[in-house]
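Computed from the coordinates by the stated procedures, all read-outs in this text should not be read as laboratory data. Computed from a predicted model, the values in this text were never measured in an experiment. No Cβ is skipped: glycine too gets one built from the backbone with ideal geometry, and neighbour counts run over all protein chains shown.
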Amino acid sequence: MRIGIPRETKTLEGRVALVPAAAGDLVRRGHEVWIETQAGVKSGFSDEAYAALGVKIAPDAAALYEKGELIVKVKEPIAGDLEHLRKDHLLFCYLHLAAEPALTRKLLDIGLTGVAFETVELDNGDLPLLAPMSIIAGRIAVQVGTHLLHMPMGGKGKLLGGLPSTERGKVVVFGAGAAGANSAELAASGGANVVVFEKRQDRMAQMMAMGANITALYPYEDVVAREVASADLVIGAVLVTGAKAPHVVTREMIRGMAPGSVLVDISVDQGGCFETTRPTTWADPTYLEEGVTHFAVTNMPGAVPQTSSQAICAAILPWVQKLASGDWRDNPALVRGINVEGGKLVHPALQGMAL
C-alpha cells in the first residue's frame, strides 16, 4: 500500500506521525511510504533520515496526498489538508469530531473512511492510541499550571509544593484515566495537596495508593463546588469515548475561585469539561474568565514533539501495519475506531450529532 505522512499544519504543531525507523519498517514490509518534505524536522528527524531508509520525499502537500492511499497524520485535518483529501483515502489520525461539526460535515462530504486514534478500542474498553498522548498532556498540564500560578503570569503567586512555614498548594483533578492520573502523580510528587474526582472505585484506590497527599472523591456536585472553590489549580481530564465531554465544573463554581487561580482543560479536544472552556492555541494559549486563568490548548503534546512523536509512533505502528495489510476490517478494535465512512457517521457516539 502507498502510505502518506503529511506535514502537520496546526498552529505550532511539531509532531510527526511516523519516525524514520517506523517508516523504514513499513518499507521493509513492502509498502511504498511517502513523507512530505520537512514533516519531521520539528521532531528532530530530517528528510535525509527518512530517505536513507527508503522513504520517498514528496515536495509538497498536494504531491503527498496524491501519492498516498493510507494517510497517517497526528492531528485532525484542517483547511489546507482538506483541500487534498479524496473519497478513496483511508485517514488515520486523531479526529475528535464530537467537538468539530464543521470538520465532520466536510469529511462526510468528501466520503472518505476516517479511523480515529482516540476511538480505536480494545475489547476491555482500553484506548491504546489515546493513552500515550494523554500521559504527556497530563504532565504538561501540571507544568503549565505551575507556571501560570506565578505572579508575572497573572497568577496568585503560589508555589504548589510549599515549604516549611508556608501552605502547600492545592490541585484538583477531574478524571483518573491516563491524563488525570499523570497530573495527580506529578502534582503530588511536587508536594501539592491533590484531590482527584473519579467515579470508578478501582481508579480511586489507585490514586489513594500513590501517596498520602492524594485524596480520591466521588464527584458529588456540592463536594465538587467546595473543592474547586479552594483550589489553586484545577485540571480537567474527563473522557467519554468518542463523545463530547460533559461539563463537570460550572461557571458559578469558577466564580467562587480566588483571583489568579488556574484551570487547565485537557478535555478541550472533546469540547472541554469546564463550562467556560473555549479552544486556544500555543500561539495564544490563555484567557481570563471570572478572574481565573484558563489554558485550553487543543494540541498540548505538540509542545514536546520529540517525545510525543516517539511515543505516538510506537503506539500506532502496529495498527498502521494492520491497516496497510488490507484485511484490517477483521480487527474489531480498528472497526470500532471508524468515525466516518462513505458519507455516513459510523461511530455510535457521533450518530445523532447536530451538523
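The GluC sites (Glu not before Pro) of the range 64-121 meeting both criteria, a DSSP state outside H, G, I, E and B (loop) and at most 13 other C-beta atoms within 10 angstrom of the site's C-beta, are 83. With respect to the chain, whose longest principal axis is taken over its alpha-carbon atoms, helix 305-325 is tilted by about 40°.
What you get for the range 131-302, charging only the Cβ of Lys and Arg (+1) and of Asp and Glu (-1), is a dipole of about 180 debye around the Cα centre.
Oblate is the label for the range 220-294, because the ratio a/c of its alpha-carbon gyration tensor axes (a ≥ b ≥ c) is 1.5 or higher and a/b is not greater than b/c.
For the chain, the longest principal axis of the alpha carbon atoms and the long axis of helix 178-189 meet at an angle near 40°.
Bridgeable aspartates and glutamates around residue 199 (alpha carbons under 13 Å apart, same-chain partners fewer than 8 residues away excluded): 221. The H on the amide N of residue 217, modeled in the peptide plane, is under 5 Å from the matching H of 196, 197, 198, each at least 5 residues off or on a different chain. Against the main long axis of the alpha-carbon atoms of the chain, helix 131-148 sits at an angle near 40°.
Selection among 323, 355, 102 by position relative to the dipole of the chain gives 323 as farthest towards the positive end (Cβ unit charges, Cα centre).
Here residue 156 is the anchor, and the lysines within straight C-alpha reach of less than 19 Å, apart from those fewer than 8 places off in the same chain, are 170. Here residue 106 is the anchor, and the lysines within straight C-alpha reach of less than 19 Å, apart from those fewer than 8 places off in the same chain, are 10, 73, 75, 87, 244, 344.
Counting only Cβ charges, +1 for Lys and Arg and -1 for Asp and Glu, the dipole size of the range 72-158 around its Cα centre is about 480 debye. Distance between the C-alpha centres of the range 216-248 and the range 287-355: 23 Å, rounded to the whole angstrom. Scanning the chain for trypsin sites (Lys or Arg not before Pro) that sit in a DSSP loop and have at most 16 other Cβ atoms within 10 Å, the longest stretch containing none of them is 201-355. Of all DSSP bridge pairs formed entirely within the chain, close to 20 percent run antiparallel. The Cα atoms of the range 200-249 give a gyration tensor whose axes a ≥ b ≥ c have a/c of 1.5 or more with a/b no greater than b/c, which makes the shape oblate.
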